[in-house]
Structures are given as C-alpha cells and as structure tokens.
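One structure is given here, and the rest of the page talks about it.
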Amino acid sequence: MYYNGAEWEALPSGASEGKATGQVMTTTSTAVYIAYLDWANGEKVTVVKYEKCDIELGVTQVGATLSSNQNDATYQWIDCNAFASIPGETAQSFTASENGTYAVQITVDNCVDTSDCTSIVNVGIDEVTDELSVAVFPNPSQDYVHVSSSERLVSICVYDIMGNKLIQTTDPVLCVSSLPKGIYFLQASSESNETVVSFMK
C-alpha cells in the first residue's frame, strides 16, 4: 500500500515495497523510488519502487537489413505479420528473406521492450537483373577492408547502424582504422546494380 496524499492505494503492477525514514523521491538509472509518509505513524514511510526501462527502440534500415540502435543487449526479431518470433534471429541485425513487417524485442538487464514494426518491401526487386556479387574481407576487419565484386563498382559507401554515411569512395581498399568497433554496412553500386553487405570492425 502507499498513500497518494488523500488515501491509501494498492501498489501498481511491477512496483515493490520497502521501508525508509524521511519523505524523499530518488531517481536512479533504472528506477524511481518515492517515499510516502504514513500519517498514522510519523516514523514510518512506504517506499514504492517503479522500474524504468531506458531502452533505445530505434531501428535502422539499409535495404532489407534492419539493425537495432540499442547496443549491448539481447535481441529477438519478430515477424509482425505472423505475431511470432523468428527462430535463430537473435543478433543485433536481421536481413529479411521476404517482404513483410518486422520488429525487435530488446532485453537489457531486467527490462524488456519492443520496437515499432518496420516494413520491408524491396526483397526480390532486382531479381530480373543479374545479381551483383560483393565480398568484403577480412571480416571482422582491423585497419583495412578489401572489396571484391563481380562487376566494376562506381561507388562504395560505408554506413554505421544509425544510417550515417562514414566513407564514400571508388577504391576497393578502404581504410577503416579510425572506425570504432561495431557493425557497419557497405553499399556497393555498379552501373546497373546495387547491393548491401555488412561487416564487423
């Protein structure tokens, strides 16, 4: 129970109760603690702990690949059309094999939240043309990555998971020594085709 200023009420769902002295409100990175004075006993207060979930729910889309903007978490990608988890898709990034709407369930410590659904509509659009085959190595990389392609490339761009363009070049040898560790997307374009591959630093 806690006193709301007029009457005693039951604790809200997910709250926990403890005892403390004084009348305080304390906020930490994961919870809010509110101490309510017990008017029947001035020496006792009821402390209600409200858990807070500070999870970044943004999702970045590059082609048919979705990436959670939340780092250092546990992930489960979800098919929004089927309202079901996608077996085996528990990485920070997910590449759709068919058009649909997808979301990611994110767990950080004891907090769980789910992103909005994102639509993928470009799977299979380029099937009528010859596929552009691109390989990036070494992967994971350190100082340099090499790009090989089945066609002459006219543009090579590197993006972070937030969608920021970090590198744009036509040189198939890219210096990535200044990039922090993480997941990156390389967009390779020829005169007639385009593809996106991911690599790790």
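The set of residues in segment 80-91 being more than 20 Å from residue 60 (Cβ to Cβ) and either β-branched (Val, Ile, Thr) or modelled with pLDDT under 85 (or both) consists of 81, 82, 83, 84.
So for segment 150-163 (the condition being without any contact (Cβ under 8 Å) to a residue 24 or more places away in the chain and not acidic (Asp, Glu)), does at least one residue qualify? Yes, some residue in segment 150-163 is without any contact (Cβ under 8 Å) to a residue 24 or more places away in the chain and not acidic (Asp, Glu). Just name the residue that is surrounded by the most Cβ atoms within 10 Å (Cβ to Cβ) out of those in segment 92-107 that are part of a loop (DSSP other than H, G, I, E, B) and at pLDDT 90 or above. This residue is 96. Identify all residues within segment 65-91 that are over 21 Å from residue 187 (Cβ atoms), among the hydrophobic types (A, V, I, L, M, F, W, C) and not in a strand (DSSP E or B); write none if there are none. Matches in segment 65-91: 73, 80, 82, 83, 86. From the list 174, 179, 132, the lone residue that is outside any strand (DSSP E or B), among the hydrophobic types (A, V, I, L, M, F, W, C) and under 26 Å from residue 68 (Cβ atoms) is 179.
Taking into account only those residues within segment 61-95 that are small (Gly, Ala, Ser) and over 17 Å from residue 199 (Cα atoms), which is nearest to the chain's Cα centre (by Cα)? Applying the filter and picking the extreme gives 73. Scan segment 164-187 for residues that are closer than 15 Å to residue 136 by Cβ and within 24 Å of the chain's Cα centre (by Cα) and jot them down. Within segment 164-187, 166, 167, 176, 179, 182, 183, 184, 185, 186, 187 meet the criteria. The lone criterion from (1) of a type in the set (Gly, Ala, Ser); (2) under 28 Å from residue 72 (Cα atoms); (3) exposed (fewer than 14 other Cβ atoms within 10 Å of the Cβ) left unmet by residue 141 is number (3). Do we find that residue 148 is surrounded by fewer than 17 Cβ atoms within 10 Å (Cβ to Cβ) and either farther than 23 Å from residue 187 by Cβ or at pLDDT 90 or above (or both) in this structure? Spelling it out, residue 148 is indeed surrounded by fewer than 17 Cβ atoms within 10 Å (Cβ to Cβ) and either farther than 23 Å from residue 187 by Cβ or at pLDDT 90 or above (or both). Does segment 137-159 contain at least one residue that is assigned to a strand (DSSP E or B) and either assigned by TED's automatic domain parsing to the domain that holds residue 101 or under 17 Å from residue 64 (Cβ atoms) (or both)? So far as segment 137-159 goes, yes, one or more of its residues are assigned to a strand (DSSP E or B) and either assigned by TED's automatic domain parsing to the domain that holds residue 101 or under 17 Å from residue 64 (Cβ atoms) (or both).
Would you confirm whether or not segment 51-60 contains a residue that is exposed (fewer than 13 other Cβ atoms within 10 Å of the Cβ), at pLDDT below 90, under 16 Å from the mean Cα position of the chain (by Cα) and farther than 21 Å from residue 163 by Cα? Scanning segment 51-60 turns up at least one residue that is exposed (fewer than 13 other Cβ atoms within 10 Å of the Cβ), at pLDDT below 90, under 16 Å from the mean Cα position of the chain (by Cα) and farther than 21 Å from residue 163 by Cα.
The values are calculated or read from the model by the stated rules, or taken from the named source; none is laboratory data. Quantities reported herein were computed from a predicted structural model and do not represent experimental measurements. Here Cβ is always computed from backbone atoms with ideal geometry, including for glycine, and neighbour counts include all displayed protein chains.
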